[in-house]
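Notes follow once the structure below has been shown.
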Amino acid sequence: MSKIKVTDLHKQYADNHVLKGVNLEVKDNEVVVIIGPSGSGKSTLLRTLNGLEQPTSGSVVVHGEDIAKKDINIDKVREQIGMVFQHFNLFNNLPVGENIMLAPVQLGKMSKQEAKQTAEKLLKVVGLEDKFDAPVNSLSGGQKQRIAIARALAMNPDIMLFDEPTSALDPEMVGDVLNVMKKLATEDGMTMVVVTHEMGFAKEVADRVVFVDQGIIQEQGTPDEIFNHPKNERLKSFLSKVL
Ligand code: ADP
Ligand code: MG
């Protein structure tokens, strides 16, 4: 079953044509890793998948509904799609537990009591069970990112989007965050779209790797196809720089 289906997606900012006809399908339980040079449109593509950006043209069908349509209840769609950003976007004035509890309580999905239990459970999942009352500012970058993942999971999404979740982290923090993501993919079967420069993660965890350059999907395939038998010249050149 297809969870996301993007058809002939174009995005233009003034005269900057950022996405030039992207077609992408993400199936249930699939882990799709998007790679490509900076400025190629990866974040823009990811952000259209949960309505943070409106397409200039084309369709973005999520759970069978075209979310590019004006009359759609985008909040309802977003409740089912968790997103994790490069810079965490946590509420620094709230302790960790409150960060995780906020959305489900405010949106009326859970009582405070249920949200607290959920937060405690999710803190175990990300390996930070002792941080419930900790101020966000006391955490390392890697810990913050694992809290951001827990916060996204609190809404019980069935799709998770990650936009360079480890790019802002010190190298020694990267592994912990990738391990949480890997567990999510392999143990929970989460449907995931991950933009990353971590080629090791792509090789190990991706079902499909998508190479975006100049607003076009230049090539996509299994990790073996993309990393060991690339065909596209731009992909070959990109890989020669990052591997
Ligand atoms: P990537 O994530 O691959 O680095 P982005 O999707 O962030 O690429 O950006 C692609 C292009 O779109 C860049 O030229 C960037 O300047 C432009 N862009 C991204 N977001 C905006 C925006 N909100 N307004 C105007 N231009 C944007
Ligand atoms: Mg980006």
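Residues with beta-carbon under 12 Å from that of Leu123, excluding Leu123: net charge, scoring Lys, Arg +1 and Asp, Glu -1? Intermediate values should be presented prior to the final figure.
Details: positive: Lys116, Lys121, Lys124, Lys131, Arg146, Arg151; negative: Glu120, Glu129, Asp130, Asp133.
Charge balance near Leu123 sits at +2.
Which lysines have a Cα lying under 30 Å from the Cα of Lys121, excluding residues fewer than 8 positions away in the same chain? By straight Cα distance, Lys121 reaches Lys3, Lys27, Lys76, Lys109, Lys112, Lys131, Lys144, Lys182, Lys183, Lys203. Could you please tell me the mean projected area of the C-alpha convex hull for the stretch 154-194, averaged over all directions and given in square nanometres to one decimal? That works out to 3.1 nm². Length gained on full extension, Asn92 to Glu25, computed as 0.36 nm times the residue gap minus the Cα-Cα distance: 20.6 nm. Charges were assigned to the Cβ only: +1 to each Lys and Arg, -1 to each Asp and Glu. The resulting dipole of the chain about its Cα centre is roughly 260 debye.
Residues whose amide H falls under 5 Å from that of Glu25, counting only those 5 or more places apart or on a different chain, are Val6, with hydrogens built in the peptide plane. With bins 10 Å wide beginning at 0, the percent of Cα pairs of the chain falling in each bin runs 8, 31, 35, 21, 5, 0. Of the residues Glu187, Glu120, Glu129, ranked by 1.4 Å probe accessible area with the largest first, the sequence reads Glu187, Glu129, Glu120.
Note on the stretch 91-157: Cα-only Rg and Dmax are 10.6, 31 Å. Each residue, Leu52 and Asp188, gets one label point 7 Å from its Cα in the Cβ direction; the gap between the two is 1.8 nm. For the stretch 86-114, backbone nitrogen atoms closer than 17 Å to the point 7 Å from Lys124 Cα along Cα-to-C-beta are found at 97, 114. Dipole orientation for the chain: of the candidates Gly39, Gln86, Leu139, Gly39 has the Cα lying most toward the positive pole (charges on Cβ; Lys, Arg +1; Asp, Glu -1). Mean separation of Cα pairs under 8 Å and 6 or more residues apart, divided by the residue count, gives the stretch 91-157 a relative contact order of 46 percent. Computed 3J(HN,Hα) for the stretch 40-51, one whole-Hz value per residue from the Karplus formula 6.51 cos²θ - 1.76 cosθ + 1.60 where θ = phi - 60°, is 7, x, 5, 5, 4, 4, 4, 6, 6, 6, 10, x, glycine and proline marked x.
Using the Karplus relation 6.51 cos²θ - 1.76 cosθ + 1.60 with θ = phi - 60°, the per-residue 3J(HN,Hα) values for the stretch 230-243 come to x, 10, 5, 5, 5, 5, 4, 5, 4, 5, 5, 8, 9, 8 Hz, with x marking Gly and Pro.
The values are calculated or read from the model by the stated rules, or taken from the named source; none is laboratory data. Because the structure is a prediction, the values reported are computed rather than measured. A quick note on method: Cβ atoms are made from the backbone with ideal geometry, for glycine too, and the neighbour counts reach across all protein chains shown. Side chains included, ligands, DNA and RNA excluded: accessible areas come from the protein's heavy atoms. Shrake-Rupley method; radii C 1.70, N 1.55, O 1.52, S 1.80 Å.
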